[in-house]
Each structure stands twice: as structure tokens, then as C-alpha cells.
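The values are calculated or read from the model by the stated rules, or taken from the named source; none is laboratory data. Since we're looking at a predicted model, the values are computed, not measured. Counting neighbours? That spans all protein chains shown, and the Cβs are built from the backbone with ideal geometry, glycine included.
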Amino acid sequence: MSRIASALNQQLGLSSLMRRQEELAKAQDRIVTGKRIDRASDDPAGAARAERALADQTRNEGLLRTLGASRNAMSVAESSIGHAVDLVQTARETLVEAGNGALNASDRALLADRLKQLKGQLLSVANAEDGSGHFVFGGQGNDHVPFVNSGIGVEYQGTPGSAAGSLSEDLPMAVDGEALWLKARTGNGVFETDRQVDPDSTAWISAGQVGDPAALTLTDGQRYEVTFDTPTRYSVNLIDSDGSSTPVPDASSNSHDYASGTPIAGLPGMSVNITGTAVAGDMFTIEPSSPGLSVFDALDRVIDVLGSSATVPPNAGDRAQAVNRGLRDIDQVLANLQVGRSHAGETLNQMDGLDERAQTRVLLDKGLRSDAVDLDMAQGVSDFSTKQTAYQAALQSYSMVRKISLFDYISN
Amino acid sequence: MSTNSLMTVGVQAMFAAQTQLSTTSHNIVNAAVEGYSRQTAKLTTVAGRSTGVGYIGGGVGVETIERAANRFLTVRNNQTQAQAAADNTRMGMLTQLEDGYALGEQGLGQAASKLFASFGDIAAAPKDASVRQVALSAAESLASRFRSTGETIDALQTSVSQQLVDEASVVNGLTGQIAKINGQLTGTGNATDQPNDLLDQRDQLIAQLSEHIEVNRVDNRGQDGKSDGSVSLFVGGGQPLVMGTTSHDLKAVPDASAPERSRLVVDLNGSERELTSRSIGGGSMSGLLQFQNEDLVEARAQLGLLATSLADSVNTQHAQGTDLDGAVGQSLLSVGDPKVWASAFNARDSSGESAAKVSINRVAGQGSQLQASDYTLQRDPADSTRYQVTRQSDGTVFRGLADGAQVDGFTFDVSGAPMSAQDRFLLEPVSAAASSTTVAITDPRQLAAAGATASGSGNANALLMQNLAKATSIDGKTFSDAHAHLISDLGVRVQRATSDAESSTSLATLNKTQLVSETGVNLEEEAAHLLQYQQSYQAAAKVLGTAQKLFDTMLSIMG
């Protein structure tokens with residue numbers, strides 16, 4: 001039989017009561033806070049899991065904010081380009097109108113004014129803001145107006161390239177305005193025609209078409225020169241990048257009779273017309289298209305010719321060349337704008353998918369964290385009531401045992 | 001048989017019963033006194049005298065008053081209490097340490113995530129002043145969390161040092177009293193009548209002492225080779241705290257190699273004998289030392305590593321960018337400088353400083369090389385012109401290092417007098433960093449969001465800053481991974497310490513229960529004894545009454 005030391009027994013009884021009480025308080029605390037993990041030692045692995053999930057959640061919430069900003073910028077860009085397309089269409093109609101040979105100088109000046117207005121409107125579209133002070137066509141540095149109309153035409157002041165909002169996802173914050181507005185392909189997109197003619201000449205060269213893409217041999221740095229030896233006969237030569245001249249197709253057959261409005265003979269894979277009355281010495285060039293066509297410059301060139309107040313006004317050939325070239329350029333600009341618009345639209349479409357993915361991820365992370373940290377309420381309550389019962393029983397038995405003592409039976 | 005002897009028997013019996021009643025009463029009233037041992041009046045039969053009809057018993061006498069004691073259980077009780085005190089103290093300190101690490105939204109990990117995310121927001125609106133301000137606030141909130149956790153650690157170090165000083169003075173008080181009692185007990189070793197209450201008092205003082213620091217108890221022997229009644233007490237490795245009637249002071253002094261930490265020495269008449277923390281078996285001081293030398297050192301190094309590696313990667317990236325005014329990005333986060341401590345045993349120069357000097361620098365851009373550890377620097381034993389660095393966390397040794405060499409992302413420079421073979425330096429590349437983390441810039445315009453070549457409002461660098469969330473810049477881990485790792489590491493540590501404390505406490509309770517079931521007072525038992533001895537007293541009185549009546553009868557016959 002082991003002796004129970006009264007004082008220690010009392011002390012142990014009391015301390016186990018206090019422990020029960022503490023457990024009960026903890027169980028209650030878990031219910032009140034709704035958390036299973038309050039400190040790392042409650043469940044170290046769970047706490048680490050929750051930390052990782054929270055970090056991932058914060059990252060994805062950040063992605064969603066970026067996505068919102070990007071969506072806004074792309075929406076503005078998309079609708080701005082849409083508006084620009086309308087303006088350029090109007091300019092095209094104006095040009096078609098200007099091609100009418102019956103117009104007099106004041107009619108042409110009126111059309112030139114209309115084109116000037118359209119150019120001004122396009123400039124303000126190119127400088128569109130996204131509502132929070134950012135220029136959507138500003139490229140990488142979009143804190144100041146990207147397009148400025150200086151003495152020599154509209155210049156791009158931004159940093160080329162598009163501004164990404166994220167390194168891991170395609171979330172542009174701005175469109176590469178330089179590429180969109182100033183870098184359409186010149187000519188007809190494949191080659192570019194030009195003329196250097198006598199002031200009296202009315203001959204002009206069409207934009208031309210590709211007849212057989214497989215037959216095209218003109219490469220970067222080369223150009224065809226069509227030279228009028230007499231007003232009725234021209235020769236065709238290929239000028240290479242080193243300046244050397246080669247007859248096309250060969251020395252015996254590079255010279256042809258000229259008939260207005262007919263294609264230049266001997267150009268491989270392409271069909272280009274020269275129209276009007278030529279003068280000996282007139283030269284026409286055909287070189288590969290390059291990405292350097294500014295919508296503003298294209299309009300300026302037409303405006304200059306149509307609205308010219310020079311003492312020797314442009315003749316019909318000059319005007320025809322300007323209008324024809326203007327139409328050609330505007331078609332390229334339109335194509336370029338359409339590409340930009342559909343790119344913005346495509347980006348917006350992809351954002352919907354990304355949005356959904358990021359939202360799912362955030363939900364998943366919240367779930368992971370909740371699984372790790374949050375208390376299963378049913379379990380918490382049952383845990384609490386178990387502990388409560390145990391505490392009650394302990395209190396009751398403690399007080400009952402304490403009541404019994406032999407001293408109570410000793411009477412003197 | 002004379003009436004006289006009958007009377008003597010009665011009186012003796014009454015005296016014996018009275019002694020028993022006194023002893024029982026003593027037990028009853030001392031039942032709640034800590035360390036009191038139950039006492040018993042040991043009765044003995046008074047040998048009979050031979051008469052013509054045989055031996056007639058001489059009644060009862062009190063031989064002595066005994067103390068219920070169990071030497072073995074007492075020693076074991078002290079040991080287990082010491083272990084429980086050590087474990088509980090360490091657990092308590094670890095719990096306080098854990099309080100310094102908030103979880104979830106309030107935590108360090110989330111503060112860093114928010115800083116990274118805020119650079120993503122800047123990327124979306126590089127010139128928006130309010131977004132920049134938010135990022136700066138996020139950086140400030142991260143820095144303040146580093147500071148507050150770092151300060152918790154520093155405060156705990158201060159608290160450990162202070163507690164060790166306080167406990168040392170308690171210990172010295174106890175050892176002084178024990179030495180004094182030893183003086184009173186010397187010479188009582190073999191006496192029949194033991195000074196029970198004084199022995200209890202000394203046992204209790206030793207028990208109290210054991211809760212602070214575990215001691216070995218040795219009974220002193222006199223010239224005759226027998227116990228002289230006094231005891232000597234030794235701590236870790238055999239340093240004496242009490243030698244008979246002399247006590248030696250225990251002192252908490254700054255550690256020789258790391259003055260921020262404390263160590264214990266025994267002052268033997270002016271010469272200080274060091275107690276290594278491993279040699280101290282138990283007691284709350286042992287728990288404090290273990291917490292200081294293991295848990296706190298590791299916590300400081302781990303937090304410091306998080307702060308320095310993060311600051312390094314953030315600052316390195318920030319310097320790649322351009323701020324709103326076109327200037328190169330400055331350091332965004334600033335952390336505490338690395339520290340070097342010269343050992344107190346180093347060769348001294350005329351001004352009393354270590355003659356050899358060492359400084360260390362963290363290498364910018366090499367933050368991912370840093371490790372969560374302190375280092376020891378000494379001369380290479382194999383080559384006196386070279387140096388040897390030991391990484392303390394795992395004992396890795398780097399030998400044959402030239403002055404200025406790089407180890408784990410930091411470099412060291414030796415100057416002053418040539419280092420002697422005994423010189424030691426404690427290097428802390430990261431440990432002291434976290435508690436002085438600050439944000440180094442104040443103007444949101446100085447956040448370098450743009451790339452190096454872009455105009456001020458570009459976002460290329462902001463994107464790269466945001467991407468640092470995924471960079472494995474902290475000992476091969478991302479910040480959130482390293483932080484999660486630290487949290488679970490600390491949690492496991494606290495969990496293990498808690499379970500250690502629980503098991504050693506229950507072992508101590510078990511031992512204590514065993515001990516006091518032998519030595520303690522059971523009030524029911526004493527109540528029963530009270531009745532029993534009262535009856536004995538009454539019976540003895542009856543004997544006396546009978547003797548009286550016999551005497552009266554005799555007188556009436558004679559009368």
C-alpha cells in the first residue's frame with residue numbers, strides 16, 4: 001500500500017484541475033477565433049503550408065490587379081484603333097474624291113483641309129489615354145505624350161516596344177505606338193514605286209501588284225530603275241546594293257516602247273503601270289517595301305500636293321501620282337491598324353482565360369490555407385464539450401473527495 | 001512487583017504517548033510545509049528485571065524521533081526536478097520566441113509577398129505616385145516586421161542574461177544557507193538523535209537549488225571515515241558550489257567568445273572556473289543556457305539570413321533600374337552590419353584590445369551564398385600565413401584561406417598584429433542584421449521601376465523586382481519558402497521542447513509522488529494516530545490510576 005501524502009495530493013489535484021481548465025480555455029479560444037493553428041507549434045507543417053498558400057494567393061491577387069489594368073489599357077487601345085480605322089477610311093474616301101480630274105484648285109484646297117482635320121483627329125487618337133493618365137500607344141515609357149506634331153511632321157517621343165505588365169503572362173500595359181502608327185509597310189506591302197520626273201512630265205507610276213509571288217526576285221537593297229531614254233521608249237535596269245547596274249531581263253531585251261497605262265515590261269513577278277505623258281529623262285523606281293510608313297506622313301504628302309500654294313502648282317501627273325500613292329499608303333496603314341486592332345482583341349480574349357485561371361488559383365489557395373489553419377467547427381464544438389464534461393467531472397470529484405476527512409469523525 | 005514500579009511504567013507510558021501525540025501534532029501542522037518529512041516517535045520496550053518469578057517488563061520508553069527519509073528517492077527527485085525545470089524554462093523561452101513570429105496576414109512572409117506584389121502594381125502604373133507610395137509602405141512594413149522579430153530575439157537574449165544573473169544570486173543565497181546549516185550539522189552524522197527539522201531544511205534547500213542548477217551531493221566524512229553530517233555540492237564537471245561550511249559563488253558573466261551571450265563561472269576564491277553549458281545537467285539555468293546557445297543563436301542566424309539575402313537581392317535588382325528622375329536605383333532595404341567579436345583570450349595590445357583585428361563584409365550581389373550561421377576564424381594550424389574559418393551551424397571547416405578570401409558570401413580582412421595560434425574571432429555575417437532593417441529611401445519617386453535604358457516611367461525593372469518573389473535567392477529557396485521553412489522549423493522546435501517538458505515534468509511528478517509517499521504526511525493516518533495515541537495515553541493514565549488505587553488499598557490496610 002502506498003501512502004498518499006495529503007499536501008502533494010492536494011497540490012496535484014489542483015494542478016490537474018488547472019490543466020483541465022487551461023485545455024478548456026484553449027478549446028474555447030479555438031472556437032472563438034475559428035482557427036486551429038494560432039502559432040507555428042500548433043501544427044508546424046500546417047503552418048508552413050498555410051504560409052506558402054498565402055504567398056501564392058497574394059501573387060495571384062497581384063496578377064489579377066495587373067490583369068485589370070492591362071484589360072483597361074487594351075480595351076482603350078482596341079476601341080481607339082477602331083476609331084482610327086474609321087478616320088482613315090474617311091481619309092481614303094476623301095482621296096478618292098481628290099482623284100477626280102474635274103476638280104479645281106479651291107475644291108482641292110477644301111479636300112486638303114478636310115485631310116488636315118482628319119490628321120489632327122488621328123493624332124489625338126494616337127495620343128489616347130487609358131483613363132488613369134497612361135498613353136495606351138506610349139510604348140515602354142508612357143509618361144508623356146507619345147506623338148508630337150513638330151515642324152517636320154509627327155514624331156514619336158516614347159520608347160519603342162510594348163510595355164508588359166507581367167513577366168510570366170502576356171499582359172501588355174501599352175501598345176507599341178510607333179509600330180502601329182509610324183511603321184506600316186511602304187508601297188503596296190511588297191514593293192514601293194516612286195518617280196523622279198521632269199516638271200512638265202505628267203507620267204505617274206501605279207502602286208503595282210504582285211503577279212506571281214514565286215517569280216519575285218527583288219531583294220532588300222536592290223531596286224529597278226525604269227528610265228525614259230525618249231518620251232516613247234524606256235529601259236529597265238536592276239541597280240544592286242553596290243550601285244552596279246544590270247539590264248532586266250538582259251541587255252538585248254531591256255528596252256521597250258512606251259504606251260500610257262500599260263504595265264512595265266520585263267519586271268519579274270510584278271505588274272506596275274506607268275500612265276501619262278513622259279519626258280525624256282523621267283525615271284521611275286521600284287524597290288522592296290520597308291516598314292517605315294507613317295500615317296501622318298502619308299497624309300502630309302497628299303495634303304502638300306492638293307493644297308499647294310506654290311507659284312508653279314503641281315500638274316495633273318503630280319496630283320495623280322500623289323493621290324494614287326496616298327491611296328496605296330492608306331491601304332497599308334489600314335492593314336497595319338487592323339493587325340494592331342485584332343492583336344489587342346486577341347489579347348483581351350486571352351485575358352478572360354487568364355482571369356479565370358488566376359481566380360481559380362486564388363480560391364484554391366484560400367481553400368488550402370483554410371484547410372490548414374481553420375477549425376472544423378463541428379469538431380471544435382465536440383472537442384469543447386468533451387473537455388467541458390471532463391472538467392466538470394474533475395471539479396465534482398475533487399470537491400467530494402476533499403469533503404471526506406477522518407478529522408470530521410473525531411469528537412472530543 | 002512494587003506499586004512504585006507500576007507507577008513508573010504508567011508515567012513512562014504516558015510520556016511515550018504524549019511524545020507520540022506531540023510528534024503526530026507536529027506532523028499534522030507541518031503537513032503543508034514543502035520538504036517536511038513525516039516524523040515518528042520510535043518506542044522501545046524497557047527491558048525487564050529478573051525477579052524470582054521471572055522477568056517483569058519495565059514498560060515503554062521513547063528511543064528517538066525518526067524522520068522518514070529515502071536517500072535514493074531524494075537524489076532522484078532532485079535530478080528529475082532539475083531536468084523538468086530545465087525543460088520547462090526552455091519551453092517557456094521558446095514560446096516567447098515563437099510569439100515574435102506572427103503568421104498569415106501579420107507575418108513576415110506576407111509582408112514580403114506584398115512588397116513583391118506592389119512592384120507588380122507599379123509595373124501597371126509606373127508613374128502613379130499613390131501606387132509608389134503603397135510600395136514604399138509595403139517595404140516599410142516588411143522592414144518593421146524584421147525589426148520587431150529581431151528585437152524579440154534581442155530582448156530574449158537580454159532577458160536570458162538578466163535571468164542568469166538573478167538566478168545566480170538566488171543560487172548563491174541557497175548555497176550560503178546550505179553551508180551555514182552544514183556548520184550546524186557537522187558532528188551529528190552518527191548521533192542517535194538526528195536534528196530532523198534541520199535535515200529537512202537542508203534537503204529542501206538542495207531541492208530548491210536543483211531547480212536552478214543540478215548538483216551532485218557528496219556526504220563529507222570525518223577523520224574516523226564516517227559521515228560527519230555535512231555535505232558538499234558540485235556542479236557540472238566537478239566544480240564545487242558548497243564544500244562543507246564554505247560556499248562558492250556562481251556568476252553569470254559575458255561569454256569569452258561572444259560577449260552578447262552569457263556563460264556561468266564558479267568563483268573559487270578569485271579564480272573563475274568556467275561551466276560549459278553541456279556539463280550543467282539540469283535546472284532552469286541549464287534550460288536558459290541551452291535556449292541561449294542553441295535556439296536563440298539559430299533563430300538569430302535564420303532571421304538574419306532572411307533579412308540580408310532578401311535585402312541583397314532587392315537592392316541588387318533595384319540598382320539595375322532607373323527611378324522617376326532618371327537616376328540609378330539606390331539601395332531600397334538596409335540591414336544591420338555584420339559583426340566580429342574578438343575572443344577575450346586573444347593576445348592583447350597596449351590598449352587592451354585584441355592585437356590582431358578582423359573585419360568582415362558581405363559581398364554585394366552574393367546574398368544567395370550566405371548561410372544561416374555564425375563562424376569562427378583562427379589561424380590555419382597547418383600554415384601560419386593562412387586562416388581557417390569554421391561554419392558553426394554544421395561544423396564545415398574552410399582551410400588555407402588567404403587574407404581577404406570569400407567564404408559563404410562574405411569576405412574577411414585581417415589587420416593589426418599577426419594572429420597568434422590561440423586567437424579566435426566570432427564572425428556574424430548575418431545574425432545581427434534583422435533588428436536594424438530599415439527602408440533606405442523615403443521618396444516614392446526613387447523607386448527604380450524603369451529599366452536601365454528606358455525613360456523614368458518604364459516598368460521593366462518593376463517587373464523584375466516583382467519577379468524576385470520567385471527567385472531562389474535565400475540559400476536556394478524563394479523568400480516565401482525560406483520563411484515557411486523557418487516557421488515550421490521553429491514550430492517543430494517548440495513542439496519538441498513542449499513534449500520534452502511534459503514528459504520530464506510527469507517523470508518528476510512521479511518521482512516526487514514516490515518520495516513523498518514515503519516521507520510525506522497523510523492526514524488520515526495522522527488522525528488515526530491521534531486517536532490511537534490518545535487511547536494509549538488514556539490507557540497509561542489508567543495504569544497510573546490503578547497504581548494509585550493499589551497504593552490507596554495498601555494505605556487503608558496499613559491504616
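Would you please name the residue that is surrounded by the most Cβ atoms within 10 Å (Cβ to Cβ), looking only at residues in the range A:223-244 that are more than 44 Å from the chain's Cα centre (by Cα) and not β-branched (V, I, T)? Checked the range A:223-244; the qualifying residue surrounded by the most Cβ atoms within 10 Å (Cβ to Cβ) is A:Y234.
Annotation: A:T159 fulfils all but one of (1) at pLDDT 80 or above; (2) under 15 Å from the mean Cα position of the chain (by Cα); the unmet one is (1). Comparison of B:V33, B:V60, B:V11 shows that the only residue that is surrounded by fewer than 21 Cβ atoms within 10 Å (Cβ to Cβ) and free of Cβ contacts under 8 Å to residues at least 12 places away in the same chain is B:V33. Checking B:A117, B:A129, B:A138, B:A155 one by one, the residue that is within 24 Å of the chain's Cα centre (by Cα) and not acidic (D, E) is B:A155 and no other. Buried (at least 18 other Cβ atoms within 10 Å of the Cβ), small (G, A, S), out of contact with any Phe, Trp or Tyr (no Cβ under 9 Å at 6 or more places or on another chain) and more than 24 Å from B:R221 (Cβ to Cβ): is that true of B:G282 in this structure? It is true that B:G282 is buried (at least 18 other Cβ atoms within 10 Å of the Cβ), small (G, A, S), out of contact with any Phe, Trp or Tyr (no Cβ under 9 Å at 6 or more places or on another chain) and more than 24 Å from B:R221 (Cβ to Cβ).
Here the strands (runs of 3 or more DSSP E) wholly within the range A:116-199 that include at least 2 residues being away from chain B (no Cβ under 14 Å) are A:147-150, A:153-156, A:191-196.
Give the residues of the range A:159-171 that are in contact with a helix residue (DSSP H, G or I) (Cβ under 6 Å, 6 or more places away or on another chain) and surrounded by 20 or more Cβ atoms within 10 Å (Cβ to Cβ), sorted by residue number. If the condition is that a residue be in contact with a helix residue (DSSP H, G or I) (Cβ under 6 Å, 6 or more places away or on another chain) and surrounded by 20 or more Cβ atoms within 10 Å (Cβ to Cβ), then A:G165, A:S166, A:L171 are the ones that fit.
Name the single residue that is farthest from B:G520 (Cα to Cα) among those in the range A:1-17 being within 8 Å of chain B (Cβ to nearest Cβ) and of a type in the set (A, V, I, L, M, F, W, C). Here the residue is A:L12.
For the range B:516-526, check the following and say yes or no: at least one residue is farther than 26 Å from B:L310 by Cβ, of a type outside the set (D, E), facing chain A (nearest Cβ under 8 Å) and within 29 Å of the chain's Cα centre (by Cα). The answer is yes, given that some residue of the range B:516-526 is farther than 26 Å from B:L310 by Cβ, of a type outside the set (D, E), facing chain A (nearest Cβ under 8 Å) and within 29 Å of the chain's Cα centre (by Cα). Would you check if there is a residue in the range B:91-105 being within 14 Å of chain A (Cβ to nearest Cβ), within 30 Å of B:L303 (Cβ to Cβ) and of a type in the set (S, T, N, Q)? Checking the range B:91-105: at least one residue is within 14 Å of chain A (Cβ to nearest Cβ), within 30 Å of B:L303 (Cβ to Cβ) and of a type in the set (S, T, N, Q). In the condition set (1) within 14 Å of chain A (Cβ to nearest Cβ); (2) farther than 30 Å from B:L332 by Cα, B:A82 is compliant with all but (1). Of all residues in the range A:389-412, those being touching a helix residue (DSSP H, G or I) at 6+ places or on another chain (Cβ under 6 Å) and of a type outside the set (A, V, I, L, M) number 3. With respect to being more than 28 Å from B:N182 (Cα to Cα), without any contact (Cβ under 8 Å) to a residue 60 or more places away in the chain and of a type in the set (S, T, N, Q), B:N269 falls outside the description. In the range B:497-508, is there at least one residue being facing chain A (nearest Cβ under 10 Å), crowded, with 21+ Cβ neighbours inside 10 Å and in contact with a helix residue (DSSP H, G or I) (Cβ under 6 Å, 6 or more places away or on another chain)? The answer is yes, given that some residue of the range B:497-508 is facing chain A (nearest Cβ under 10 Å), crowded, with 21+ Cβ neighbours inside 10 Å and in contact with a helix residue (DSSP H, G or I) (Cβ under 6 Å, 6 or more places away or on another chain). B:T478: touching a residue at least 40 places away in the same chain (Cβ under 8 Å) and in contact with a helix residue (DSSP H, G or I) (Cβ under 8 Å, 6 or more places away or on another chain), yes or no? Considered against the rule, which asks whether it is touching a residue at least 40 places away in the same chain (Cβ under 8 Å) and in contact with a helix residue (DSSP H, G or I) (Cβ under 8 Å, 6 or more places away or on another chain), B:T478 comes out as no. Being over 38 Å from the mean Cα position of the chain (by Cα) and at the interface with chain B (Cβ under 8 Å from one of its Cβ atoms) is not true of A:S70.
Taking the conditions (1) surrounded by 18 or more Cβ atoms within 10 Å (Cβ to Cβ); (2) among the hydroxyl-bearing types (S, T, Y); (3) more than 8 Å from chain A (Cβ to nearest Cβ); (4) within 30 Å of A:Y409 (Cβ to Cβ) in turn, B:T546 satisfies each one other than (1).
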